[in-house]
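Worksheet: one structure, shown below.
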Amino acid sequence: MAILVLAVIGLMLGQAADRRLSGISKESMPDRNNLLLPELLDGDIVFRKGRSLVSAVVMMNDPSTAYSHVGIVVHIDGEPFVVHAVPGEPDENGEEIVRCDKTADFLSIDKASRYAVYRLCRDTAGFSARAASKAMEYYEKNLAFDKAFDIKSDERLYCTELVWKAYLSSGINLTGNRFARLSMNLLADSLILPGQLIHSNLLKEIQLNH
């Protein structure tokens, strides 16, 4: 499985690719200024299908889902934000660290061609709220994007790792410790792909947008 070779290529080229549309003009795409989202709760998981080269690499190696990126909802002063870790979207200092973006920015038309919202099926003990709180902790610590895709380290995070570990800290294992095992051990011996989260029997679909 050549996902890591492709990922390395994608990460090298993704800096520029993430800043432009993949041959699609904004004029040709539908308006998404007014998102028709359900009432989002802390801990909701938002998936998006990106338009970058890195997104294409992810989807090429994860045919089980149409989504390439994921983040977790937190509320700040009553407004929903999405905490996520992504390459190619550096902060004002040029650093690729965990981001906390307004939902409209996370799902802006130049970054997402489609999206979906999922929620924990049964949450009687505040698991989702604790996961959201942990995600905010990652953001406040300015943790860097994990280019090594190493789930053994908590000092750097990639997108699915962030969501999985945030929920794991609350007592919920969304993947049941099932990872993508790779035949080419260049950067990591296991990965969490978007499909492993979206197909978790612990989550339910709240909304899909095509």
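The values are calculated or read from the model by the stated rules, or taken from the named source; none is laboratory data. The structure presented is a predicted model; accordingly, all values stated were derived computationally and were not measured. Every residue, glycine as well, gets a Cβ built from its backbone with ideal geometry; the counts of neighbours run over all protein chains shown. Heavy atoms of the whole protein, side chains included, go into the accessibility calculation; ligands, DNA and RNA do not. Shrake-Rupley method; radii C 1.70, N 1.55, O 1.52, S 1.80 Å.
Decide, for the stretch 47-91, between rounded, prolate and oblate: order the square roots of the alpha carbon gyration tensor eigenvalues as a ≥ b ≥ c, take rounded if a/c falls under 1.5, and otherwise choose prolate if a/b is larger than b/c, else oblate. Please list the in-between numbers first.
Numbers: a/c = 3.68, a/b = 1.85, b/c = 1.98.
Cα axes put the stretch 47-91 in the oblate bin.
Taking θ as phi - 60°, what are the ³J(HN,Hα) couplings along the stretch 48-60 by the Karplus curve (6.51, -1.76, 1.60), each to the nearest whole Hz, with x for Gly and Pro?
So the J values, rounded to whole Hz, are 9, 9, x, 10, 8, 5, 4, 4, 4, 4, 4, 5, 4.
Let me check something: with ligands and nucleic acids excluded, how do ARG48, ARG119, ARG156 order by accessible area (1.4 Å probe), largest to smallest?
Working: ARG48 10, ARG119 50, ARG156 125 Å².
The residues order as ARG156, ARG119, ARG48, largest area first.
For MET60 paired with ARG114, estimate the spin-label separation in nm (one decimal), with each label point 7 Å from Cα along the Cα-to-Cβ line.
Inter-label distance under the simple model: 2.0 nm.
Mind grabbing the accessible area of ARG99 for me, 1.4 Å probe, Å², rounded to tens?
Using a 1.4 Å probe on the heavy atoms, I get roughly 50 Å².
Once you put a point 7 Å from the Cα of GLU39 and another 7 Å from the Cα of HIS75, both along the Cβ direction, what distance in nm separates them?
0.9
Could you tell me which of the pairs LYS102/LYS204; LYS102/LYS152; LYS49/LYS147; LYS49/LYS141; LYS49/LYS165 are separated by over 25 angstrom between their Cα atoms in the structure shown?
Checking Cα-Cα distances, LYS102/LYS152; LYS49/LYS141 exceed 25 Å.
Arranged from highest to lowest average of other beta-carbon atoms within 10 Å per residue, in what order do the peptides 127-135, 87-95, 36-44, 158-166 appear? Walk me through the intermediate numbers first.
Working: 127-135: 21.8, 87-95: 13.1, 36-44: 16.6, 158-166: 24.8.
In decreasing order of mean packing, 127-135, 87-95, 36-44, 158-166 become 158-166, 127-135, 36-44, 87-95.
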